[in-house]
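Accompanying notes for the structure given below.
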Amino acid sequence: MAGNRFGSHFRITTFGESHGPALGVVIDGVRPGMRFDTGAIQKELDRRRPGQSTLTTPRREPDTVEVLSGVFEGKTTGMPICMIVRNIDQRPMAYEKIKTLFRPGHAGYTYLAKYGIADYRGGGRSSGRETVARVAAGALAKAYLAARGIEIIGHTVEVAGIRAQEFDPSVIEQNPLRCADRQAAEEMGRAVAAARDEGDSVGGIVAVHVRNVPAGLGEPVFDKLTADLAHALMSIGAVKGVEFGNGFAAARLRGSENNDPIFKDPSSGRIRTRTNRAGGIAGGISNGEEIIMRIAVKPTSSIRKEQETTTVDGDAAHISVKGRHDPCICPRIVPVAESMVALTLMDHLTRQRMLRGSGRNAGRRDMLALIDHDMAILKELRKQIAAAVGKRTRKV
Ligand SMILES: Cc1cc2nc3c(=O)[nH]c(=O)nc-3n(C[C@H](O)[C@H](O)[C@H](O)COP(=O)(O)O)c2cc1C
């Protein structure tokens, strides 16, 4: 009944509300003996933290992670891992004035209709603050995936209709929008600030790319990788759409324009595609190409501009939301989206290991596939480094 769990073999259960004492996560399915780096988890939480710039909510939360179980002498024990983050900077008084009013675009009415009771302070569990638990768990998944060469990059590609034209991953963490195009980030920043100053908000699009995912992840027919990633991403508050590869644009193309031609890569010996319009997934299973997803993020619903609403008793009213809110949610959604993608991939890697590990010699075959995969990455890396060395030598 309750929807507070995600994943089947690598599974998280989250708990906590915006104005409760703490938010937290219990992770099940972590193998024993894996290195556990609290610093790596804190680093990801710091990326999601409120108050990072004038373009995000000024709520001041240190978001310090506390590990309660499942870790001993810096390694996982195979027991459930529980992590919490305490709420420090709650201001429930900010919600006192509007506690009997529904916020348009927020979840007050639907929570009340469903449960018959709703925590109005910061939206309770419907608050964006709920995602802190996802990021703590996602950081763990990300670290394990990174150790296998799997890299997840999230970035804002559009805000208020302004689109990024360049992709320079080195600038993503250097601007408050988390955009890979420095110039577009500046324009986006001005648009967010203008909307904020008018008591309004803006939406945008966030992309997530995943490199070096082995072919074979995804469980047709109901747990296709596309289906589970969409589930993961659509479960984030304010996300209103998900597309993979060409996405909705594919509906306007011909087969010859949308298909990815297939070839055998002589350098790696792998079957690959010349283009990647499918976004790295075919038939619900990863094909070894980069996985490319984009999510549509709506403009923040809590705005100072006056809007029509009702009281909880149905009386006509007007509301102006004056609390501390993100004028654009995109930059803060980036680490959340990366986390949900990491959790989904971790779950599917675990499922694939179990599937392939059941037959005779399958464990060894699995190992060989992993080694082949790693060798292909190393070969590609070698090629890139050799090319860079060549360039430098020519200059000298
Ligand atoms: C990281 C993050 C931060 C958010 N910040 C705010 C905010 O400051 N104010 C707000 O009204 N909604 C914020 N939201 C969005 C609400 O959580 C969301 O709109 C609400 O739960 C209603 O759900 P829906 O938009 O998916 O229908 C945030 C969401 C995320 C993921």
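Key figures for this structure:
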| read-out | value |
| --- | --- |
| Ellipticity estimate at 222 nm from DSSP helix runs (n ≥ 4, -39,500 (n - 2.57)) divided over the chain, nearest 500 | -11000 deg cm²/dmol |
| Highest to lowest packing among 312-318, 7-13, 274-280, scored as the average C-beta count within 10 Å | 7-13, 274-280, 312-318 |
| Theoretical FRET efficiency, 1/(1+(r/R0)^6), r = Cβ-Cβ of residue 165 and residue 94, R0 35 Å, to 0.05 | 0.35 |
| Residue-normalised accessible area of region 5-158, expressed per residue, 1.4 Å probe, Å² | 47 Å² |
| Efficiency of FRET from Cβ geometry, residue 148 and residue 198, R₀ 35 Å, rounded to 0.05 | 0.15 |
| Kirkwood hydrodynamic radius of region 117-263, Cα pairs, Å | 18.2 Å |
| Accessible area in square angstrom per residue, region 185-332, 1.4 angstrom probe | 49 Å² |
| Efficiency of FRET from Cβ geometry, residue 234 and residue 75, R₀ 35 Å, rounded to 0.05 | 0.55 |
| Signed unit charges on C-beta, dipole axis of the chain, positive-most listed residue 217, 80, 342 | 217 |
| Within the chain: Cβ-based charge dipole about Cα centre, in debye rounded to nearest 20 (Lys, Arg +1; Asp, Glu -1) | 1100 debye |
| Extension gain (nm, one decimal) between residue 64 and residue 385, 0.36 nm per residue minus Cα-Cα | 111.7 nm |
| About the Cα centre, charge dipole magnitude for region 108-233 (Lys/Arg +1, Asp/Glu -1 at Cβ), debye | 440 debye |
| Long pairs among 97/240; 142/224; 43/224, criterion Cα-Cα beyond 25 Å | 97/240; 43/224 |
| Where Rh is the Kirkwood radius over Cα pairs, Rg/Rh for the chain | 0.99 |
| Inter-label distance, nm, simple model (7 Å from Cα along the C-beta direction), residue 311/residue 296 | 3.6 nm |
| Dipole of region 176-223, positive end: most advanced residue of 206, 189, 179 [Cβ charges, Cα centre] | 179 |
| Protection proxy ranking, peptides 215-222, 48-55, 117-124, average beta carbon neighbours within 10 Å, highest first | 117-124, 48-55, 215-222 |
| Two-site label geometry, residue 251 and residue 211: point separation in nm, points 7 Å out along Cα→Cβ | 3.2 nm |
| Extension gain (nm, one decimal) between residue 28 and residue 5, 0.36 nm per residue minus Cα-Cα | 7.2 nm |
| Most to least packed among 146-159, 257-270 [average Cβ atoms within 10 Å] | 146-159, 257-270 |
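The values are calculated or read from the model by the stated rules, or taken from the named source; none is laboratory data. Source: prediction; values computed, not measured. Glycine also receives a Cβ, built like all others from the backbone with ideal geometry; neighbour counts cover every protein chain displayed. Note: accessible area is taken over every heavy atom of the protein model, side chains too, but ligands, DNA and RNA are not part of it. Shrake-Rupley method; radii C 1.70, N 1.55, O 1.52, S 1.80 Å.
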